[in-house]
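Notes for the one structure printed next.
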Amino acid sequence: MKILTRIVGRLVKAAVVLLAILVLNFLLIHAAPGDPAAVMAGEAGATDEMFLAQLREKFGLDQPLHVQLWKYISDVARLDLGYSYRQQMPVLDLILDRLPATLLLTGTAFAVSLVFGVLAGVLAASRVGKWSDTLISSVALLFYATPLFWAALMGVLLFSVTLGWLPPFGYETVGSGFTGWRRALDIAEHLVLPALSLGLFFTAVYSRMTRASMLEVSQMDFVKTARAKGLSPAVIERRHILRNALLPIVTLAGLQAGQLVGGAVLTETVFAWPGIGRLMFEALTQRDYNVLLGVFFVSAAMVILFNLITDLVYGIVDPRIRVQ
Amino acid sequence: MDFWRRFASNRGGVIGLVLLVIIVAVAATAPLLFPNNPWKMVSRPFLPPFENMKFILGTDTVGRDVAAGLAHGARVSLLVGLVSTVAALLIGIPMGALAGYFGGRVDDALMRITEFFQTVPSFALAIVIVAIFQPSVVSITLAIGIVSWPPVARLVRGEVMSLRKREYVEAAILQGLSAPSIILRQVLPNAISPIIVMASLMVASAILLESSLSFLGLGDPNLMSWGYMIGAARTVIRQAWWLSFFPGVAIVLTVLALNLIGESLNDALNPRLSRRRS
């Protein structure tokens, strides 16, 4: 029963946040300089008066703001994110078309950065003050200061242009006609550079978090007790420190995963990766605001969904996290 | 004196400070070192670096001096980083202070807003804001400020909540001082050091954000910036590596310097915290 009310509570909260994002979107489009109809159509110059008048009528832009807001929200509730006049397609179809590529990229980058980050952090914490700790911490600090898009470009320069090991851009080899495993392998090859460069910054973040968390836990009383009992340092590190240090990291990492979606805009732009980040970039260059706001909404929804899942899973794993 | 000794005991902080002083010096003297407008074509396009000592870092796709772009870009990066951090502080500090001081419903309401801005993917929001209000220094700075204030609000809230229970604050309340004057005169001055540490780290992430925005073509069209230089050179990376390489190094060094300074400020200003950590 308790868990059910918890889930319902979280769902309500998520719905409220989604609603707030819609209101924000609505306010943004109306706060934009110029006629909202012109903005929506992506025609900054407002050349064709007839067309704009049509749009105004179609979107009810002549009606009071609260009526428009209600219409906008009920449209989205019916999964209508508007129409892209540039691409001559509904925004939702455009996004759904591109979503799988982004999920593949961000999912891989998240897994890679979590695994490498935690490993590096554990290694650094267990050798605190020694040269390997200094090395790991310095590299993490360097990656932490490296812009995502630059890491991606330098990756292309080194591994594609100079060494020729990996394809420099794209999702798969165009016109190769690969199927089945051969195709999966081809996509995986194209995935390496984007996923690594997107994950680089987050690897640094997670390794710094892991190191700090490990060191904090290792000062706690139950670790001292374990030492006093005469357990071997390796056992203490694995069973006492790591287990307790890991949970908050994974939870925090889950909550931070939303930032990956933002980073994907940069990575996908560099690698011409056909995801929603690339779609956002194209919408930017074409001033296609319906698509822009649509991608923003969907990525926020993804983040909320992800947070919800992390939250529920960890509430089950660790009873202490069950808030309220 | 004690502060400087503790700051200097961290080697990283000293390196960061030296780096930052150099970058600030270059930014400050850019109009003297490179009196030409950085947008001006000065030589043949695609001049590789270290060939012509007049244009030591080479020229770009239309013959603009890369070194001049870097020096002038430093001004933009530092300015946007600094001002947008101030903007974030101006939003975050009042939010956190009010929430922490009054607690209860005020706290609930303000923290809901904070949580909302923390949930929304910040880079995507920044893109949307700059795109809709048209790229300019003002819109970029505001967008970065709007997406970066939540951690400040949380930090200040926590500090204020714990300071609120101190005796000197209760004494001030009994004296009949008004809430704004207690918050401004008694509470906030005592919470200043963690705010300074966070602000120095925020300048670093603001510079990263600014460069990412201008890389996507959302920079101020009138100002040369590092992100723009890399974005413009993206498609010619095969022919001209130096066009994206040097501005990137400039970004990394600046951000690294600020992060190092932030960490060492943390050690110097919160000695108890740092001792516990190591």
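Among the residues of the range A:288-302, the one identified as surrounded by fewer than 24 Cβ atoms within 10 Å (Cβ to Cβ) and either β-branched (Val, Ile, Thr) or facing chain B (nearest Cβ under 8 Å) (or both) is A:Val298. The set of residues in the range A:144-196 being of a type in the set (Ser, Thr, Tyr) and free of Cβ contacts under 8 Å to residues at least 12 places away in the same chain consists of A:Thr162, A:Ser176, A:Thr179. Do we have any residue at all in the range B:250-257 that's part of a helix (DSSP H, G or I) and over 28 Å from A:Ser160 (Cβ atoms)? Within the range B:250-257, one or more residues are part of a helix (DSSP H, G or I) and over 28 Å from A:Ser160 (Cβ atoms). A:Ala15: modelled with pLDDT of 75 or more and either closer than 20 Å to A:Lys71 by Cβ or open to solvent by less than 20 Å² (accessible area, probe 1.4 Å) (or both), yes or no? Answer is yes for this residue.
Listed here are the residues, each with its yes/no results for (1) within 14 Å of the chain's Cα centre (by Cα); (2) open to solvent by 50 Å² or more (accessible area, probe 1.4 Å); (3) not assigned by the TED database to the domain that holds A:Pro168.
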{"residue": "A:Thr225", "(1), (2), (3)": "no, yes, no"}
{"residue": "A:Leu231", "(1), (2), (3)": "no, yes, no"}
{"residue": "A:His240", "(1), (2), (3)": "no, no, no"}
{"residue": "A:Leu266", "(1), (2), (3)": "yes, no, no"}
{"residue": "A:Phe271", "(1), (2), (3)": "no, no, no"}
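Condition first: touching a helix residue (DSSP H, G or I) at 6+ places or on another chain (Cβ under 8 Å) and either under 22 Å from A:Val303 (Cβ atoms) or surrounded by fewer than 18 Cβ atoms within 10 Å (Cβ to Cβ) (or both). Now tell me which residues in the range A:107-118 satisfy that. Passing the criteria: A:Thr108, A:Ala109, A:Phe110, A:Val112, A:Ser113, A:Leu114, A:Gly117, A:Val118.
Quick check on B:Gly158: is it in a helix (DSSP H, G or I), away from chain A (no Cβ under 14 Å), over 20 Å from the mean Cα position of the chain (by Cα) and not hydrophobic (A, V, I, L, M, F, W, C)? Yes; evaluated as a whole, the condition is true for this residue.
Exactly one residue out of B:Ala71, B:Ala25 is among the small types (Gly, Ala, Ser), in contact (Cβ under 8 Å) with a residue 40 or more places away in the chain and within 26 Å of B:Asn222 (Cβ to Cβ), and it is B:Ala71.
Only one of the listed residues (B:Ala87, B:Ala71, B:Ala25) is within 23 Å of B:Ile207 (Cα to Cα), buried (at least 21 other Cβ atoms within 10 Å of the Cβ) and out of contact with any Asp or Glu (no Cβ under 8 Å at 6 or more places or on another chain). That residue is B:Ala71. When each of B:Ser205, B:Ser244 is tested for being free of Cβ contacts under 8 Å to residues at least 60 places away in the same chain, within 11 Å of another protein chain (Cβ to nearest Cβ) and within 30 Å of B:Lys40 (Cβ to Cβ), the lone residue that passes is B:Ser244.
The values are calculated or read from the model by the stated rules, or taken from the named source; none is laboratory data. From a predicted model like this one, the values you see are computed outputs, not experimental measurements. Note: ideal-geometry Cβ built from the backbone for every residue, glycine included; neighbour counts use all protein chains shown. Keep in mind that these areas ignore ligands, DNA and RNA; they rest on the heavy atoms of the full protein, side chains included. Shrake-Rupley method; radii C 1.70, N 1.55, O 1.52, S 1.80 Å.
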